[in-house]
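See structure below.
The values are calculated or read from the model by the stated rules, or taken from the named source; none is laboratory data. This is a predicted model, so every value here is computed, not measured. Ideal geometry is used to build each Cβ from the backbone, glycine not excepted, and the neighbour counts take in all protein chains shown.
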Amino acid sequence: MRRRFRTKFAALALLMAAALCGTVVHQGSAQAQATGGDFIVRCFFTGKVAAMDPILDPGVSPTAHMHIFFGNLIQGTASFPSITSGDAGRTGTMELASNGNPQATNCQDSFDTAGYWQPEPYLGGTPYQGPGGGCTTPATCSASNNMHLRVYYLPNAMPFAGGTTQQEIPDGTIMVTGFPNGCVGVTGHGCGTGNSYPNDPSIVRYDCGANNQIPVVTPASAWPYNCNPYVTDSDDSFNDGIVAFTDFPDCWNGQKHWTPPNNPNGKVPGYVAPWIPDSNAPTDPVTGQRLNDFTYVSPGSACPSNFPIAVVQLEERFHLLTTGTGFGNPSTCANEGRQWNSPSDNAEWGDGGPTPVTCQTAASPSNNINLSFACNPSTSGGDSNCTHQVASTGCAGGPCFIGANPVGWETLHADYWQTWQEGRGDVSGNGTDVSNPPDPTQGSFRDLIEDCSNEVAPGSPTACSFINNTTGQTPGNNRVFYTNTENS
């Protein structure tokens with residue numbers, strides 16, 4: 001049983017600027033004190049590995065690099081572009097095909113039928129699928145044994161002024177963010193002259209989890225690091241292993257400029273980070289600039305006037321279930337405003353261990369980091385560090401590549417296709433609360449946002465956390481679990 005800790009970086013921007021001399025361009029709302037609750041769904045590695053990506057490479061197979069898939073079980077198959085949502089009781093407003101029934105998923109809320117995928121991970125040049133491999137049945141998937149995502153949906157950090165309501169990520173939304181090509185084409189995020197990898201954790205970062213008995217919060221880092229120094233005898237050998245975070249944007253312009261993978265004649269909201277090449281991205285006919293429908297917001301700030309709609313922020317936390325022994329040191333000693341080497345602030349000083357743990361920072365990653373991700377080589381318009389061939393066939397052009405040591409990890413990115421079961425009613429609670437007879441759409445995406453983000457009084461604490469409709473703990477007819485514990 002492990003307690004979850006949200007990473008709130010209210011002070012980290014200044015700390016990182018001082019420690020890394022990098023410009024912090026964005027600090028996502030996941031990194032600030034939010035006004036509402038959040039909900040967390042575990043979605044497991046399905047066992048599917050395939051060179052396909054219907055957002056960046058629609059209709060293409062094989063693509064230039066491999067992905068692994070979480071959640072919706074038809075991902076990684078020939079029918080992947082035919083993925084559908086299951087809107088209930090909504091006609092005339094749906095961007096995706098609807099059958100009113102849940103799609104197959106291994107997420108532990110069966111209403112989460114969204115698609116999540118990331119580049120295939122490698123350890124020491126060998127494909128890595130976690131100690132338990134993939135799994136398809138949520139009841140038998142284990143957070144301790146199966147590689148998975150903890151999918152966090154986090155309310156926007158803007159103040160609740162005038163009864164502001166958090167909106168759901170719109171149905172059909174497609175998003176890609178992260179750094180699939182390292183610093184190629186990137187401005188900010190620690191990317192500068194002579195630096196091939198991002199060195200600030202504003203969009204992608206790594207930590208080693210947290211302890212369930214005492215508030216141990218491991219350092220946030222721009223690169224993976226050795227988790228073992230952050231486990232003491234009083235931690236009961238706790239070690240969450242390397243966790244890779246990817247934060248998505250959280251303000252929407254209300255527009256739909258992107259073509260959904262399953263309907264070439266339709267339009268859905270979309271976002272692909274501006275530095276990620278995408279020949280299919282919509283562009284402004286006058287300026288030629290990409291028409292992204294979402295943007296990031298600074299912590300505590302309202303959404304800008306041209307992106308006025310605050311939506312819950314998606315944060316994918318990739319649990320590889322590997323400790324990273326020998327990886328080296330993190331890029332910073334800060335997390336949740338803590339300074340690990342300060343006697344008054346070190347998270348380990350008061351835990352009863354014989355020797356307090358101290359944190360040693362590193363100005364650059366260690367050559368020992370052997371974690372890498374599938375990527376496109378520079379010959380395919382990708383990363384100049386994507387030079388290590390791992391297979392002679394399987395990808396577009398034949399060979400498949402990963403990043404070479406010690407910067408293979410910087411190719412991490414994440415993809416998302418919002419195909420949750422929408423349910424009835426709206427995010428203000430109209431038609432979604434418990435009814436008699438019970439509404440079968442309780443626990444749908446819209447209902448969870450209403451319960452977790454919009455039923456919280458300003459300034460009051462919230463306990464909405466892990467959501468799991470497979471354990472028989474459902475309170476009443478509502479799938480929201482008000483608990484701090486994680487059930488595997």
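For segment 383-397, a tally of residues being part of a loop (DSSP other than H, G, I, E, B) and within 18 Å of Ile68 (Cβ to Cβ) returns 2.
I'd like the full set of residues that are exposed (fewer than 11 other Cβ atoms within 10 Å of the Cβ) and closer than 28 Å to Glu410 by Cβ, limited to segment 275-288. Selection gives Ser279 alone. Restricting Ser380, Ser392 to residues that are out of contact with any His (no Cβ under 9 Å at 6 or more places or on another chain) and either surrounded by fewer than 23 Cβ atoms within 10 Å (Cβ to Cβ) or more than 19 Å from Tyr128 (Cβ to Cβ) (or both) narrows the list to Ser392.
If you go through segment 171-218 and keep only what is at pLDDT 90 or above and either basic (Lys, Arg) or within 18 Å of Pro377 (Cα to Cα) (or both), you end up with Gly178, Phe179, Pro180, Asn181, Gly182, Cys183, Val184, Gly185, Val186, Tyr197, Pro198, Arg205. Residue-level analysis places Thr246 outside the set of residues that are modelled with pLDDT of 85 or more, within 21 Å of Cys375 (Cα to Cα) and surrounded by fewer than 19 Cβ atoms within 10 Å (Cβ to Cβ).
For segment 292-303, the criterion of being of a type outside the set (Gly, Ala, Ser), without any contact (Cβ under 8 Å) to a residue 60 or more places away in the chain, in contact with a Pro (Cβ under 6 Å, 6 or more places away or on another chain) and surrounded by fewer than 21 Cβ atoms within 10 Å (Cβ to Cβ) is met by at least one residue. In segment 43-56, the residues that are under 22 Å from Cys135 (Cβ atoms) reach residues that are of a type in the set (D, E, K, R) and surrounded by 22 or more Cβ atoms within 10 Å (Cβ to Cβ) with C-beta atoms within less than 6 angstrom, at least six apart or across chains, in these pairs: Val49/Glu120.
Of all the criteria given as (1) in contact with a Leu (Cβ under 9 Å, 6 or more places away or on another chain); (2) modelled with pLDDT of 95 or more, the one not satisfied by Asn370 is (2).
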